[in-house]
Amino acid sequence: MKILFIGDIFGRPGRNIVRKHLKSLVAEHAIDLAIANGENCAAGFGITGALAEEIFDLGIDVITTGNHIWDKREILEYFEMADGNPHSPARRVLRPGNFPPKMPGWGVYEGTSRAGIPYAVMNLQGRVFMTSNDDPFRKADELLQKISAKVILLDFHAETTSEKVAMGWYLDGRVSAVLGTHTHIPTADERVLTKGTAYQTDVGMTGPYDSVIGVKKELIIAKFLDNMPIRFEPAEGDVRLCGVVIDCDEATGRARAIQRIMVSDDQSG
């Protein structure tokens, strides 16, 4: 089974490059399941139901998020649409599962690929330098007890490399992949861990790299210089799609390989 995971889609530039290249990537790598982190797709901060539907229409099967999930209040109404309806598209938009239990949304989605292969996608958030949430390690244990699929991917939305690496080793052999998001900088440490879990500390951002992690660099530099409040605006230049392709055994869920990809906006596709 081949899985494509696309790193944090940032604003309109990120959405446009996914629109431009997703179909060719799916064809080139014979992708069975496409997942993307979409928490920054609304001008860099948050996601709405309308944008989630737009991303689904492009061919993404499941959308993960993170600490910016509540930046646009429209997402609350979108989650309410799925109340009691397991087939609602809103069920395929995840928020970190270790948020307080009474919050709207879900931290895991179980589905079936186009080829009929059961899979699960989990979404958790780290605690180091992040907002308060429950222990992601014990929450991972709790979620795994309820999942029947062998192919399981975790989007671990966390700040520090140490917490992400620790989660990779903690879940090694129990999930197909642990992929880090949030820091928007792709790391060059992709590998298959000893017990068969594909791992990368951060998949990177899908958006403008002529920026400071997606925001116009002039604004961020000014913020560092004078520390005055400022309205962040998405940058536009040097747009890239960052992601990984994971090849895993659908019978055991163990990963065979992980490949880091980066596609520039000026590439054909």
Any of LYS20/LYS164; LYS150/LYS195; LYS164/LYS195 with alpha carbons more than 22 Å apart? Name them for me.
-> LYS20/LYS164
What are the lysines whose alpha-carbon lies under 19 Å from the alpha-carbon of LYS217, with same-chain residues fewer than 8 places away excluded?
-> none
Under 14 Å from a label point 7 Å along Cα→Cβ of ARG73: give me every residue in region 203-238 with its amide N that close.
-> none
Residues ARG91, ARG138, sorted so that the one with the fewest Cβ neighbours within 10 Å comes first | ARG138, ARG91
Put a dot 7 Å past each Cα toward the Cβ at LYS102 and GLU54; how far apart are the dots in nm?
-> 3.5
Cα coordinate range in the chain, projected on the principal axes (Å, largest first) = 53, 44, 36
Pairwise label distance in nanometres, THR161 with ASN85, each label 7 Å out on the Cα-Cβ vector = 4.5
Tell me the chymotrypsin sites (Phe, Trp or Tyr not before Pro) within region 76-142 that lie in a loop according to DSSP and have at most 13 other beta-carbon atoms within 10 Å.
-> PHE129
Exposure proxy order (Cβ contacts within 10 Å, fewest to most) of MET130, MET81, MET103, MET122 = MET81, MET103, MET130, MET122
Pick from VAL175, VAL203, VAL26: which residue has the top mean-square fluctuation in a GNM of the chain where Cα pairs under 10 Å get a spring?
-> VAL26
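Would you please classify the overall shape of region 128-169 from the alpha carbon gyration tensor, given that a ≥ b ≥ c denote the square roots of the eigenvalues, rounded means a/c under 1.5, and beyond that prolate means a/b larger than b/c while oblate covers the rest?
prolate
Could you pull out every whole DSSP H run in the chain that spans at least 20 Å of Cα extent along its own axis and averages -1.0 or higher on the Kyte-Doolittle scale?
Details: long enough: 11-29 (25 Å, -0.82).
Taking the DSSP H segments of the chain (at least 20 Å long, mean hydropathy at least -1.0), we get 11-29.
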Taking only Cα atoms and a 10 Å spring cutoff, compute GNM fluctuations for the chain and point out the largest among GLU159, GLU190, GLU74.
-> GLU74
Just the Cα atoms of region 131-269: what Rg and Dmax do they give in Å?
-> 17.5, 56
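From largest to smallest, what semi-axes in whole angstrom does region 1-141 give when each is the square root of 5 times an eigenvalue of its alpha carbon gyration tensor? Mind dumping the intermediate values first?
Working: eigenvalues 105, 63, 46 Å².
For region 1-141, the semi-axes come out at 23, 18, 15 Å.
Beyond 22 Å, what share of the Cα-Cα pairs of region 87-175 is found? Please give it as a whole percent.
For region 87-175, the fraction of Cα-Cα distances above 22 Å is 25 percent.
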Got a sec? How would LYS20, LYS164, LYS195 order by Cβ neighbour count within 10 Å, fewest to most?
-> LYS195, LYS20, LYS164
Under a 10 Å cutoff between Cα atoms, tell me which one of ILE147, ILE246, ILE75 has the largest fluctuation in the Gaussian network model of the chain.
-> ILE147
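Bear in mind these aren't lab numbers, they're just calculated from the coordinates by the rules spelled out. From a predicted model like this one, the values you see are computed outputs, not experimental measurements. Here Cβ is always computed from backbone atoms with ideal geometry, including for glycine, and neighbour counts include all displayed protein chains.
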